[in-house]
Each structure stands twice: as C-alpha cells, then as structure tokens.
Amino acid sequence: MLIMISCRQASELMSQQLDRKLSLGEKLRMHAHLLICKSCPRTLQQFEILREAGKHYAEHREATQEKELTLSDASRQRILSKLQDRQSEKPEE
Ligand SMILES: [Zn+2]
C-alpha cells in the first residue's frame, strides 16, 4: 500500500530524481503525493525545467567536445570542400 509522504520528502525525491533513478516505490510515493498535493506539481515543473536545461547543456557540450576530438583541421577542410562541391552540383534527389 502507498505511504503518504510530506511535501518535503516529495521535493527531496524530485531533486534526487535528477541525479539517480528512483526505485519503483519511491516513484509511486512521489506520484501519489503529486496527486493529492496542490503545490508540489509546481515544484516538479521547476525541477523538470532544471533537468531539461541541464540536459541540453550536457548534450551541447558533448557535441562540441566530440567535434573537437574527432575532427582534425585536415578533415574539417575536406568536409568543407565536399559541402561546397555539393552546393555547386545539381541536387541529387
Ligand atoms: Zn506536496
């Protein structure tokens, strides 16, 4: 059976959710609380925004780092000139 948790515990779970996977029981308790609570869904929304922002930032950083790691100046030049070639050709599709 579900154990009701306090707003404080719910928001703790919401913040922990950003760092780790919650167990099924934790998730159930959090969602059960969100159903009966008027203020926590708003808190959750803020956490979601935070998480999305963090994810985008991490993805962006990863993409940039990857490019820097895998593309040497020579291959960058090669890709650039290929792109320019393609632009001067007729579209293939
Ligand atoms: Zn609450």
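Derivation of every value follows stated rules applied to the coordinates shown; laboratory data play no part. Quick caveat, the model's predicted, so the values are computed rather than measured. When we count neighbours, we look across all protein chains shown, and the Cβ atoms used for this are built from the backbone with ideal geometry, even at glycine.
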For residue 85 and residue 7 in one chain, what is 0.36 nm times their gap in residues minus the Cα-Cα distance, to one decimal in nm?
22.0 nm
Just checking the chain: which Cys have no other cysteine's beta-carbon under 4.7 Å?
7
Just want the answer: with Cβ charges of +1 for Lys and Arg and -1 for Asp and Glu, which residue in 37, 58, 16 is farthest toward the dipole's positive end in the range 7-88?
37
Semi-axes of the range 7-88's equivalent ellipsoid from the Cα gyration tensor, sqrt of 5 times each eigenvalue, largest first, rounded to whole Å?
46, 13, 10
Using Cα pairs closer than 8 Å and at least 6 residues apart in sequence, work out the relative contact order for the chain, in percent.
26 percent
